[in-house]
Structure formats: structure tokens, C-alpha cells
Amino acid sequence: MNLPNKLTVFRIILIPVFILIMVLPLSWGQVVWAGTTIPVTQVVATVIFAVASLTDLADGKIARGQHLVTNFGKFADPLADKMLVMTAFIILVRLNAAPDWVVAIIMCRELAVTGLRLLIAENNGKVMAAAMPGKIKTTTQMIAIIFLLLNNVLFAAIHIPFAAIMLYICLFFVIYSGIDYFVQNRDVFADGFK
């Protein structure tokens, strides 16, 4: 197993660790940072989420840069990314930190685009590359999750809902990039409209 695939597997392993820290009744206390009170469990979970997110950046760069792209990587890397993000959003809904309807839209888009990617790969043998709107979606998504987990730290004291702003920017790009992917690849569905 090459390094990018090891990083992907490591990211997948971090997901249940993230879940356990967030859902078990652990009493690790609280920390006050920049005037914001945050449960220590959420700080630890945020570090785990951030590390997992960084492995997502690293494994792709290494795989492409060193020509280590494998079928396992093509399958597992995007799957691990979706699993991590969906898990975080479900937990944020559980904490009442993110609106359920926003998370539902994000999840529906992720499932639809994943289905589209599979269809394109099956029909054309190609992997659909992420376009710029999709990359912005991913970046704003990660930032939103981190600041939602950390109770809007650094911005709560000055009454700027930065975490919520990032979440709604993410929602915009979730919708925009999802529509863009389907419009750009509409020929895949041409046989259904003959």
C-alpha cells in the first residue's frame, strides 16, 4: 500500500475516533479561548477533523505528484472525504450547531454528485475532476465545520457569526457547484431524453 492510500485509510480510521469523542459522555471539562467557552471534547474532535482534512489534501497531491494513483485511491479517497464531512455535519445537527435543512441539502448534493461521478466513470472511463466551485465548496465546508465545532471562536466575542456565514457560503457553492457539474455533464443523460 502506497503512502497516499495509507493516508486515506488513516483518515477513515479517524472518523470513528471523531464520532466516539463527540458522542460519548466524556467529562474532560471546558476551555475558554478568546472569550469563548468550548468543551475540551470539541477541541479534541476539531483537531482530529483538521488532521483528517489535511490528509485529504496531502494524499491527492502525493498521488498525482508521484504518479501513485491507484483504483483503491480513486475509490477510497473521495469516499473518505464524504464520510468525514457527513459525519461532522450530522454531529453538528445533533449539537444544534448547524440547521438540519442545510445539512440535508449538502448531503443530497454529495450523493447526487457521487452518483454522477460513478456514471461518468462507467460510461467514459474518466474521473470527473473537481472544478473551482467544487473546490471553494470543500474549503468553505471545512472552515465552517471547524468554527462550528469551536463555537465560533475568535468571532463570538465580537458578535460576528463567522461560522454561520461560512456555512451559508458553503451552501451557496454546494448548490452552485452541484448544478454546474450536472449542466457540464448533461450528455451522460442524453439517452434518457430521446
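Normalising the Debye intensity of segment 1-58 to I(0), with uniform scatterers on Cα atoms only, and taking log10 at q = 0.18, 0.21, 0.23, 0.26 Å⁻¹ returns -0.66, -0.79, -0.87, -0.98. For the chain, the pair-distance distribution built from all alpha carbon pairs, in bins 10 Å wide starting at 0, is 8, 32, 34, 18, 6, 1, 0 percent.
When the alpha carbon gyration tensor of segment 85-194 is reduced to an equivalent ellipsoid, its three semi-axes come out at 32, 13, 11 angstrom, largest first.
Using R0 = 35 Å, the C-beta based FRET efficiency linking T114 and W28 works out to 0.50.
Can you give the translational diffusion coefficient of segment 61-125 in µm²/s, computed by Stokes-Einstein from the Kirkwood radius over Cα pairs at 37 °C and 0.692 mPa s? Estimated via Stokes-Einstein, D reaches 242 µm²/s. Computed over the alpha-carbon atoms, segment 1-102 gives an Rg to Rh ratio of 1.06, Rh here being the Kirkwood radius from the mean inverse distance.
In straight Cα distance, which aspartates and glutamates are under 17 Å from K61, not counting same-chain residues fewer than 8 positions off? In chain and number order, the partners are D77, D81. Sorted from longest to shortest, the spans of the Cα atoms of segment 136-175 along the three principal axes equal 30, 14, 11 Å.
Peptides 97-107, 134-144, ordered by how many other C-beta atoms sit within 10 Å of their residues on average, highest first, read 134-144, 97-107. One chain, two ends: I179 and L57. Fully extended at 0.36 nm per residue, the span grows by 41.5 nm beyond their Cα-Cα distance. Given +1 at the Cβ of Lys and Arg, -1 at the Cβ of Asp and Glu and no other charges, the dipole of the chain around its Cα centre is 220 debye to the nearest 20. Note on R186 and V9: the extension gain reaches 60.4 nm, defined as 0.36 nm multiplied by sequence separation minus the Cα-Cα distance.
We did not get these values from a lab; they are worked out from the coordinates using the rules stated. All of these numbers come straight from a predicted model, not from anything done at the bench. Note that we place each Cβ from the backbone using ideal geometry, even for glycine, and neighbour counts take in every protein chain shown.
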